[in-house]
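Working notes, beginning with the structure itself.
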Amino acid sequence: MTTVARAAGVSPMTVSNTYNRPDEVAQTTREKVLRIAGELGYSGPDPAGRSLRRRRADTVGVLLTEELPYAFDDPGTVMFLHGLATGLAEAGQALLLLPTEGNAEHASVRNALVDAFVLASLGATDPVVADVLGRRLPVVTWGGDRLTGAPRIGVDNVRGAEKAAEHLLELGHKRFGIVTFSGPRGLKPAVRQRVSGFTRVLRTAGIDPASVPVVDAARNARAACARITCDLLADSGPLADRRPTAIFAVTDQLALGVLDGAASSGVRVPDELSVVGFDNVDASASMTPPLTTVAQELFEQGKVAAKVALDLVAGRPARSQNFDTKLIIRGSTARPSRRR
């Protein structure tokens, strides 16, 4: 910077302002500094060094429970990240995605140049959480367990799943199935909570949860769920005597897979099988039949998570925020067929 200043006949502060506060430098001076800097091979202040001096990175890190591509595969996560990115962009901040899988010794967490962390669907006992807390940076959780002293953004998953169970019982169903998925560290907190809420209502209605088959997909993937749905609906096999008339899928992505599997098995929805999902992603309303689902405002949750994180970074008070869920009844649920 000093070399550029000498060559341009200006002060080092003018060179610094050219890159960091261009509105404070006359256009002709700015153009001259940039031209000479280019001739000398100087590309500007080092971003890492500048962040260290300012003690700010203007970036929020989002910690995912899966490998990085998962952020673009799961529609619910995409909607949340869209809202988070929108909220950060409006404040002139950046977003950094950090995976927990394929990340030896959680190095990306320990080395990330961020001002705060948003933990997406992580359990309180996950080993990476300790590394995050060790950074002593502001933390916001979404869709996972509550952490002491960290605001949580999300919904009451238990109550949302209870609404799904109550709807199916009111229709007259008595034989149920549940479809879940496991992440790299087992069932995510939100998945456990949704299963708990659904089975609690069944137990209150006199249905033994042990009689309800729970099948688990390897991932929150539509194709994988379609395959296990075919097994669940098979006329023969270990689950044939418990073939359900209604299935609750803990995400819409899985529910769409259930619809695909039912079609492949020749099982008509909703005449022979009712299906309820959770999330209300965009594709749920355009399916044939349209999917009954427990809706949550994922985009708005992302925007609020961004605001809460930035409030914490700025030293402003911030607190948890719970969003309501709403059962949206569409064409994938009906009274059980007498033939069934």
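What follows is calculated from the coordinates using simple rules that are stated; it is not laboratory data. This one's a predicted model, so the numbers in the text were calculated from it and none came from an experiment. Reconstructed Cβ throughout: ideal geometry from the backbone, glycine too, with neighbour counts over all protein chains shown.
DSSP bridge analysis restricted to the chain gives an antiparallel fraction near 15%, rounded to the nearest 5. Shape class of the range 178-237 from the alpha-carbon gyration tensor: oblate, with a/c at 1.5 or above and b/c at least as large as a/b. By the count of neighbouring beta-carbon atoms within 10 Å, fewest first, Thr65, Thr29 end up ordered Thr29, Thr65.
Over the Cα atoms of the range 247-340, what is the Rg over Rh ratio if Rh follows Kirkwood? Expressed as Rg/Rh, it is 1.19. Expressed per residue, the C-alpha convex hull volume of the range 269-313 stands at 53 Å³. Contact order for the range 157-296, expressed relative to its length and based on alpha carbon pairs under 8 Å spaced 6+ residues apart, stands at 25 percent. Annotation: extensible slack from Arg268 through Arg135 equals 42.6 nm (criterion: 0.36 nm per residue apart, minus Cα-Cα distance). Each semi-axis of the equivalent ellipsoid for the range 2-45 is √(5λ) with λ an eigenvalue of the Cα gyration tensor; in descending order they amount to 14, 10, 10 Å. Positive contributions from Lys and Arg (+1) and negative ones from Asp and Glu (-1), summed over other residues with Cβ under 13 Å from the Cβ of Pro189, come out at +3. Beta-bridge orientation, the range 157-296: approximately 5 percent antiparallel, per DSSP, counting only bridges with both partners inside.
Rounded to the nearest whole Hz, the Karplus-based 3J(HN,Hα) values (6.51 cos²θ - 1.76 cosθ + 1.60, θ = phi - 60°) of the range 175-180 follow the sequence 10, 10, x, 10, 10, 10, with x at glycine and proline. For Gly177, the residues 5 or more places off, or on other chains, whose built amide H falls under 5 Å of its own are Ala246, Ile247, Phe248. Sorting the segments 255-261, 134-140 by their mean number of nearby beta carbons within 10 angstrom, highest to lowest, gives 255-261, 134-140.
Using the average count of surrounding beta-carbon atoms within 10 Å as a protection proxy, the listed peptides 84-93, 185-194, 270-279, 321-330 rank, highest first, as 270-279, 185-194, 84-93, 321-330.
Relative to the longest principal axis of the Cα atoms of the chain, the long axis of helix 27-40 makes an angle of roughly 90 degrees.
Across the range 292-304, computed HN-Hα scalar couplings (Karplus, 6.51 cos²θ - 1.76 cosθ + 1.60, θ = phi - 60°) run 6, 8, 8, 8, 9, 8, 5, 4, 5, 4, x, 5, 5 Hz from first to last residue, x flagging Gly and Pro. Hydrodynamic radius of the range 157-296 by the Kirkwood approach over all distinct alpha-carbon pairs: 14.6 Å. Using the Cβ-Cβ distance between Asn20 and Asp324 with R0 = 51 Å, the FRET efficiency computed as 1/(1 + (r/R0)^6) comes to roughly 0.70. Ignoring lysines fewer than eight residues from Lys303 along the same chain, the ones with Cα atoms less than 28 angstrom from its Cα are Lys163, Lys188, Lys326. The convex hull of the Cα atoms of the chain, projected and averaged over all directions, covers 21.1 nm².
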